[in-house]
Amino acid sequence: MLKLGAVGGLAALNALPSTALSAPARTLNRDSARSLPTYLTGVFAPVPDETSSLNLVVEGAIPPELAGRYFRNGPNPYPGVDLGNWWRGDGMVHGVRLRHGRAEWYRNRWVRTLHAPPTLPDGTRDLRVGPANTSVKHHAGKIMALVETAYPYQLTPDLDTVGVLDFGGRLRSAMTAHPRVHPGTGEMHFFGYAQQPPYATYHRLSPAGELVRSVPIDLPEAIMMHDFAITDNHVIWLDLPVVWDDAARERGFPNWSDRHEPRIGVMPQNGGSADIRWFTVNPRWAWHVGNAHEDRAGRIVVDAISGDAADWVATQKIFEGVPGGRAHGHLYRWTLDPATGRVGERHLDDMATEFPSINDDRVGLGHRYVYSPTTPLMPTRHNRIVKHDTRTGRRTAHYLGADRVAGEAVFVPARCGRHEDDGWLMAIVHDLTRSSACLVILDATAPARRPVATVHLPRRVPYGFHGEWIPDSEVGVE
Ligand SMILES: [Fe+2]
């Protein structure tokens, strides 16, 4: 068993291996290895160390204008440690450096997070303590590794950990792994949720990275709010029926609740909790929103990957490492009409997918395309990266092959693109039979075609969560 201890200073942080953050860890031994939880096996199995490789093998041609880094985060507990749930594993970021049409390097690094008891002496949560394992985002020249239970950790462009980022001490809640940047203002909108009131807090960063607004959001009980959305003028809250009740706290993972009224809230960006207009919706859940916007009639349109109670229970099994888990949401649209109070709900696609992405230039504005891989947490024989055309209902898919599965497909806009889909999709693809991984770059206008380029990575990459393309111009590196 790795030991917890008092830690002071970043040097000490960097020296420490990982251990339990909010639940007791157990050290794996020969007996437990016979019945490993699913999140420690197969495509999920963590890698045991950090490596670096130069001059990667590339098939095809990397577009020369792609100068930057693709970073992808995910749980990767240290060797021999089982933290009891997939989402507790220490964050490890896998990075691929592209420039001049070449893949210059690959490296993987754990995020050096603070390992200390997550609860302070006064009973509140120490927001410096969290695995930083869910996403990577950049804003105002800073690269952040994020998890929704804690503060972000800042990374260097070479994947070293700088330390906790609390925006000059102004951030007083956790930070979601899914902030949104308004393409018109350059402000970053985000929130944090908590198990004590206020159950959610809305925040906004200026384009320069200053925390300029923090507003408590009233919710009837503690929920798990993994994602949210913005439109041009509003913030969209998902008060859906996955809650932190007593049983969930005991279990260490939230529960579906039939008694929680599912609602979606629409709040003016400069408003507060009292200004939220709530719409009651059908009992569904969504890990991830693709996008939201205001249509010409003034209605709020929200596109997400959504499932029902049975889908939630199936997803829960993935995190708890129990066989039979699956991620089985579908692209779904809520249309909320403030004039009439009416809600429209419908499926946009009957193919199960997760991890929706869009052209981020369309965040909060009307979008046409949503990209998402099929059942990314449950390898099947029919794995694809899908482009949904929400205008026509058409679906275009890149077929990966029977034993290859993709993670999130990040959209990278072309520099001089004229259309929403002018650009590329980047995704890590896992080959289950060879136990290897590659970074696939697809032409987003025609994703069914063979990849524009395939970068062969020097090692397998465990299945993880979210990634981001970070152009050199955004983080001040040459
Ligand atoms: Fe997520």
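Rule-based calculations on the coordinates, nothing more; no lab input. The structure presented is a predicted model; accordingly, all values stated were derived computationally and were not measured. Note: ideal-geometry Cβ built from the backbone for every residue, glycine included; neighbour counts use all protein chains shown.
Before moving on, here are some points about what is shown:
- Cα→Cβ-extended label distance, 7 Å offset, between Arg251 and Ala402, nm: 3.6 nm
- Charge dipole (segment 24-475, unit charges on Cβ, about Cα centre) - positive-most of Ala140, Asn359, Gly417: Gly417
- From the alpha carbon centroid of segment 458-474 to that of segment 166-203 is 23 Å.
- FRET efficiency for the Asp472 to Asp126 pair, using the beta carbon distance and R₀ = 35 Å, is estimated at 0.50.
- Relative exposure of Leu439, Leu219, judged by other C-beta atoms within 10 Å (fewest first): Leu219, Leu439
- Residues within the reach of a label modelled at Ala297 (point 7 angstrom out along Cα to beta-carbon, backbone nitrogen below 14 Å), restricted to segment 303-346, are 334-346.
- Highest-first arrangement of 272-279, 315-322, where packing means the average Cβ count within 10 Å: 315-322, 272-279
- FRET efficiency, 1/(1 + (r/R0)^6) with R0 35 Å, evaluated for Ala309 and Ser35 via beta carbons: 0.80
- For the pair Ser436 and Thr119, the difference between a 0.36 nm per residue extended length and the Cα-Cα distance amounts to 110.2 nm.
- Take the Cα of Asp275, step 7 Å toward its Cβ, do the same at Asp422, and the gap between the two points is 3.6 nm.
- When Glu210, Glu468 are arranged by Cβ crowding within 10 Å, least crowded first, meaning fewest neighbours, the order is Glu210, Glu468.
- With contributions of -39500 (n - 2.57) from each DSSP H run of at least four residues, the per-residue ellipticity at 222 nm computed over the chain stands at -1500 deg cm²/dmol.
- Neighbour counts of other Cβ atoms within 10 Å put Cys438, Cys416 in the fewest-to-most order Cys416, Cys438.
- Estimated distance in nm for a label pair at Arg391 and Ser53, the labels positioned 7 Å out from Cα along Cα-to-Cβ: 4.1 nm
- Figure legend: label point modelled 7 angstrom from the Cα of Arg102 along Cα→Cβ; residues of segment 410-441 with amide N under 20 Å from it are 439-441.
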